[in-house]
1. Taking neighbour Cβ counts within 10 Å as the exposure measure, how do Ile72, Ile7, Ile94 sort from fewest upward?
2. Could I have the simple spin-label model distance between Glu42 and Phe26, label points 7 Å from Cα toward Cβ, reported in nm to one decimal?
3. Spin-label point model (7 Å from Cα, Cβ direction): what's the Leu80 to Thr163 distance in nm?
4. Can you pull out the trypsin sites (Lys or Arg not before Pro) in the stretch 1-80 that DSSP calls coil and that have at most 15 other Cβ atoms within 10 Å?
5. Could you work out how much longer the chain between Glu57 and Val130 gets when fully extended? Use 0.36 nm per residue separation minus the Cα distance between them, nm to one decimal.
Amino acid sequence: MIEFAFITGWRITSEVLPLQWRQVDFQAGEVRLDAGTTKNGEGRVFPLTDDLRTLLETQYADHLRLKKAGQIEPWVFFRLVADKRGGQKHPKPITRFNKAWKAATMAGCPGRIPHDLRRSAFRNMVRRGVPERVAMKLSGHQTRSVFERYNIVSDGDLKTAATQLGGLTGTKKGQSGTVSPSIESESSKIACNFGGAARI
């Protein structure tokens with residue numbers, strides 16, 4: 001779930017947690033949100049990246065395993081909960097994950113909040129060359145002003161810019177050509193820190 005939000009930038013509570021398998025189309029290579037279920041009321045489609053496909057296929061394998069055992073669950077992200085202590089566990093949709101988030105952030109990135117995943121997704125899209133209007137469509141933003149609030153410029157971005165500008169006048173040997181910047185953003189570290197919690 002964490003990895004899904006980190007890649008897509010979708011709103012966790014209203015768009016990621018309620019996601020059901022009928023909204024995932026492996027053959028078409030996309031996951032979609034129905035009109036009327038998003039904040040702005042519009043439907044949305046996110047093409048599957050390799051990472052998203054791997055994540056969802058892993059989740060789907062769990063879905064098939066439970067189905068074979070006679071337990072039907074429509075949700076992409078779920079947890080197994082027992083009706084009583086020592087009782088049989090059944091799949092339940094995840095509605096809150098405060099404790100799991102707190103434990104994960106304390107272990108890796110203290111002070112982080114779930115909405116940081118949305119900010120990170122926007123920044124990663126832009127820094128990997130996705131046009132802003134396309135990134136806004138993927139993430140579900142209608143106004144550029146809101147999008148700009150998340151597109152924060154970091155010290156690392158400034159250093160990358162300086163690297164790109166190096167050698168413009170040919171004062172440093174071997175740097176008079178185009179310099180290819182590293183596009184590893186600070187936010188990508190979140191994926192490493194929370195990689196083990198991606199299926200909360």
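1. If I rank by nearby Cβ atoms, fewest first, I get Ile72, Ile94, Ile7.
2. Placing both labels 7 Å along Cα→Cβ, they lie 3.1 nm apart.
3. About 4.5 nm, to one decimal.
4. Details: sites: Arg11, Arg22, Arg32, Lys39, Arg44, Arg53, Arg65, Lys67, Lys68, Arg79; in loops: Arg11, Lys39.
Here the trypsin sites (Lys or Arg not before Pro) that fit, given the DSSP loop and packing criteria, are Lys39.
5. Numbers: separation 73, 0.36 × 73 = 26.28 nm, distance 2.51 nm.
That pair, Glu57 and Val130, stretches by 23.8 nm at full extension.
Any read-out appearing in this document is the output of simple, stated calculations on the displayed coordinates, not a laboratory observation. As the structure is a prediction and not an experimental result, all values here were calculated from the model. Every residue, glycine among them, receives a Cβ derived from its backbone with ideal geometry; neighbour counts consider all protein chains shown.
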